[in-house]
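Structure, as structure tokens:
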Amino acid sequence: MASNQVIKLVINQVPQPQPRPRVTVRGKYAHAYESKKIRTYKKLVAHKYRLEYAQKLPTEKPLSVDVRFYRPIQKSISKIERHRRLTGQSWPTVKPDVDNYVKAILDALNGVAFKDDSQIVVLYARKIYSDNPRTEIEITEM
């Protein structure tokens, strides 16, 4: 990334939160694993980044990350409430939590867009209702 260059990435899929790892115990050993759904989503995010920024090596500079999670609107609401959600008068204060969405995105881009997520010094994240579910990511070198 050139100085202060902004990397923009849009994932045109319903945002997926990072769930707690599942743990199985076999004998005296415990094994933690992720669901297939979240593994597939993270691979999609990393693949999309590699496609659009193939020549970019993972940066080692401090970063600012701005992520917007556009969630689908539930079908069983009134027209008035639907309008409120589409115009930003109503925000998605339901689960999943925004930090779980962020965790999935940062994990997917770790080692791909940046060397390590410890480089992120500024982070903006928000959940928004939309008829077009997606995730928009902007990464800026500080």
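Bear in mind these aren't lab numbers, they're just calculated from the coordinates by the rules spelled out. Source: prediction; values computed, not measured. Please note: Cβ atoms are built from the backbone with ideal geometry, for glycine as well, and neighbour counts cover all protein chains shown.
For this structure, a couple of remarks:
- Note on K95 and L51: the model spin-label points, each 7 Å out from Cα along the C-beta direction, lie 3.2 nm apart.
- Other residues lying with their Cβ under 10 Å from the Cβ of K8 contribute a combined charge of -4, Lys and Arg counting +1, Asp and Glu -1.
- Antiparallel DSSP beta bridges within the chain, percent to nearest 5: 60
- Packing-based ranking of 86-94, 7-15 yields 7-15, 86-94, ordered from highest to lowest mean Cβ neighbour count within 10 Å.
- Base-10 log of normalised Debye intensity for the chain (one unit scatterer per alpha-carbon) at q = 0.11, 0.13 Å⁻¹: -0.48, -0.64
- Here is how the number arises for the chain: DSSP H runs of 4 or more residues each give -39500 (n - 2.57), the sum is divided by the residue count, and the result at 222 nm is -8000 deg cm²/dmol.
- Spin-label pair D66-N4: with each label point 7 Å from Cα along the Cα-Cβ axis, the two points sit 1.4 nm from one another.
- By the rule of a C-alpha distance below 16 Å, with chain neighbours fewer than 8 residues away ignored, the lysines paired with K48 are K8, K56.
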